[in-house]
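S.K.: Next up is a structure, given as structure tokens.
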Amino acid sequence: MGVKPAVLLSLLLAGCTGEHSILDPAGPAARDVAWLWWGMLSAFSLVFLGVVGTWLAAFRRREHPERSPSEERRLALRWILGGGILLPGVTILLLLAFGVPAGQRLLPLPLPGGESPRTIEVVGHQWWWEVRYPDEAGEVVTANQLAMPAGEPVDFHVTGGDVIHAFWVPRLGGKIDMLPGRVNRIRLEADDPGVFGAQCAEFCGAQHARMHLHVEAMAPEEFEAWLAARRSPPAQAEGHDVARETFVEHCARCHRVEGLSDGREGPDLSDIGSRATLGAGVMAMEEGAIARWLAEHQRLKPGNHMPAHDQLDTEALEAIGAWLETLRP
Ligand code: HEC
Ligand SMILES: [Cu+2]
């Protein structure tokens, strides 16, 4: 004895880490949410034990012939008022007292110093993420990855491009709906540099589960460099002329590549070679991965809104894949 509960507990707690765990907070707003969760768990465990205890005690209750009926009624009323009104009332007030400030942290309120935090715009599409960085020096657009400065609040302006999606970085804070035709705002902050998982949190169609967003918090100066590199990408790599021509013919109407095409129906591919994943988290980016995605994307992510490229042979797809891999700032 003694070992088994410990094993069980460690198994249970093993579920508390991981890139999507709200119990492993990495920012102030998420920390409030996690504390609230632990507080609720403890309080409700106590209530549960209390209810079970009272229930068991009721079985052993003996008659009290010395009590008059009115005395019995008064005792019963005490239980009803205490357990039915007082206890829930106090619990709800306590929840509000801790829950409202936790929610407040997620609101894009003015900062004490009067300055406004950086804004990042995120648009949910079936089934990929468009991320825009408005900036006086020039807007940067990318997809399926989100870079943010660590150690400072960032305001996210989110919306839906087609249907309702939801933006959720569990280790940084609560989730928020992305509604077509409306911009919702949420403030998140990461304590330290790191990589966090994010996932569409509102069912949005067949491939909802394969709508992952790679979130990376960086030191502020590293983030500025990241942005600057994407604002002025290097010239196109030598060679790859055939690949570029095929791309302009077959892909350009849906995809933007800085300086080459302007399609907006699919993800911006200007920095695709530098991404961590492909297809919103469907596969890891490595040599040859783009060609494989192009050949098999309807099998890897059935029903996704990019048509199968049946009219192109393997050689052409491999050439495009090799060229796209060179697109990195
Ligand atoms: C009808 C519009 C359309 C056309 C044409 C099209 N695509 Fe796509 N493409 C999409 C959409 C939509 C996605 C996102 C699919 C998903 O992940 O759900 C996508 C995804 C991709 C991705 C993965 C992007 C990422 O961020 O992971 C690559 C690479 C890509 N397309 C390349 C191409 C190439 C190369 C061609 C031409 C041979 C092409 N596409 C033609 C719409 C299109
Ligand atoms: Cu979804």
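S.K.: Extent of segment 241-325 along each principal axis, from alpha carbon coordinates, in Å, largest to smallest?
M.R.: Largest to smallest, the principal-axis extents are 27, 26, 24 Å.
S.K.: Would you mind getting me the FRET efficiency between Thr119 and Val52? Use the beta-carbon distance for r and R0 = 51 Å, nearest 0.05.
M.R.: 0.50
S.K.: Now a separate question. What's the carbon and sulfur percent of the chain's accessible surface, probe 1.4 angstrom, rounded to a whole number?
M.R.: 61
S.K.: Here's something else I'd like to know. Could you derive backbone 3J(HN,Hα) for segment 127-138 from the dihedral phi with the Karplus parameters 6.51, -1.76 and 1.60 (θ = phi - 60°), listing whole Hz in sequence and x where the residue is Gly or Pro?
M.R.: For segment 127-138, the Karplus-derived couplings read 10, 8, 10, 9, 10, 10, 10, x, 7, 4, 6, x Hz, x marking Gly and Pro.
S.K.: Percent relative contact order of the chain, based on C-alpha pairs within less than 8 angstrom and at least six residues apart?
M.R.: 16
S.K.: Next question, about the same structure. I'd like the Kirkwood hydrodynamic radius of the chain, using the inverse of the mean 1/r over distinct C-alpha pairs, in Å.
M.R.: 23.4
S.K.: Nearest 10 degrees, 0 to 90: what angle lies between the long axis of helix 289-300 and the longest principal axis of the chain (Cα atoms)?
M.R.: In the chain, helix 289-300 runs at an angle near 50 degrees to the longest axis.
S.K.: Please report the orientation-averaged projected area of segment 153-229, defined via the convex hull of its C-alpha atoms, in nm².
M.R.: Answer in nm², one decimal: 5.6.
S.K.: With N set to the number of residues, divide the alpha-carbon radius of gyration of segment 122-276 by 2.2 N^0.38 Å and report two decimals. Please report the intermediate quantities before stating the final value.
M.R.: Numbers: Rg = 16.0 Å, N = 155, 2.2 N^0.38 = 15.0 Å.
Normalised by 2.2 N^0.38 Å, the Cα Rg of segment 122-276 equals 1.07.
S.K.: Considering amide H positions built from the backbone, and no H for Pro or chain starts, which residues 5 or more places from Trp129, or on another chain, come under 5 Å of its amide H?
M.R.: HN-HN under 5 Å from Trp129: Asn144.
S.K.: Right, next: Have a look at Leu94, Leu56, Leu300 and tell me which one the Gaussian network model of the chain (Cα, springs below 10 Å) gives the largest fluctuation.
M.R.: Of Leu94, Leu56, Leu300, the Gaussian network model singles out Leu56 as fluctuating most.
S.K.: Angle between the Cα long axis of helix 220-231 and the longest principal axis of the chain, 0 to 90 degrees, nearest 10?
M.R.: Around 40 degrees separate the two axes.
S.K.: Nothing charged except the Cβ atoms of Lys and Arg (+1) and of Asp and Glu (-1): what's the magnitude of the dipole of segment 241-325 about its Cα centre? Round to the nearest 20 debye. Intermediate results must be reported in sequence, preceding the final value.
M.R.: Working: 8 positive and 16 negative charges, 85 e Å.
Dipole size: approximately 400 debye.
S.K.: Moving on to the next point. Sort 276-283, 71-78 by packing, meaning the average of other beta carbons within 10 Å per residue, with the highest value first.
M.R.: Highest mean packing first, the order is 276-283, 71-78.
S.K.: Among Met285, Leu188, Gly53, pick out the residue whose Cα is farthest towards the positive end of the charge dipole of the chain, where Lys and Arg carry +1 and Asp and Glu carry -1 on C-beta, about the Cα centre.
M.R.: The residue sitting farthest along the positive end of the dipole is Gly53.
S.K.: Which value at 222 nm does the chain reach when only helices count, each DSSP H run of 4 or more adding -39,500 (n - 2.57), with the total divided by all residues and rounded to the nearest 500 deg cm²/dmol?
M.R.: The helix contribution divided over the chain gives -12000 deg cm²/dmol.
S.K.: May I pose another question? Counting heavy atoms of the protein chains only and a 1.4 Å probe, report the per residue accessible area for segment 19-104 as a whole number of Å².
M.R.: Details: 6650 Å² over 86 residues.
That works out to 77 Å² for each residue.
S.K.: Here's another thing I want to ask about it. Going 7 Å from the Cα of Asp162 in the Cα-to-Cβ direction, what parts of segment 278-312 have a backbone nitrogen less than 15 Å from that spot?
M.R.: 279-280, 298, 301-308, by backbone N distance to the label point.
S.K.: Using the alpha-carbon centroid of each, what span in Å lies between segment 182-239 and segment 97-160?
M.R.: 10
S.K.: Per residue, what accessible area does segment 241-325 have, given a 1.4 Å probe and all protein chains present, in Å²?
M.R.: 51
S.K.: Another one. Kindly provide the pair-distance distribution of segment 15-108 built from C-alpha pairs, with 5 Å bins from 0 and whole-percent values in order of increasing distance.
M.R.: Answer for segment 15-108: a P(r) of 2, 10, 13, 17, 13, 11, 9, 7, 6, 4, 3, 2, 0 percent.
The values are calculated or read from the model by the stated rules, or taken from the named source; none is laboratory data. As the structure is a computational prediction, the values presented were derived from the model and not from experiment. When we count neighbours, we look across all protein chains shown, and the Cβ atoms used for this are built from the backbone with ideal geometry, even at glycine. Note: accessible area is taken over every heavy atom of the protein model, side chains too, but ligands, DNA and RNA are not part of it. Shrake-Rupley method; radii C 1.70, N 1.55, O 1.52, S 1.80 Å.
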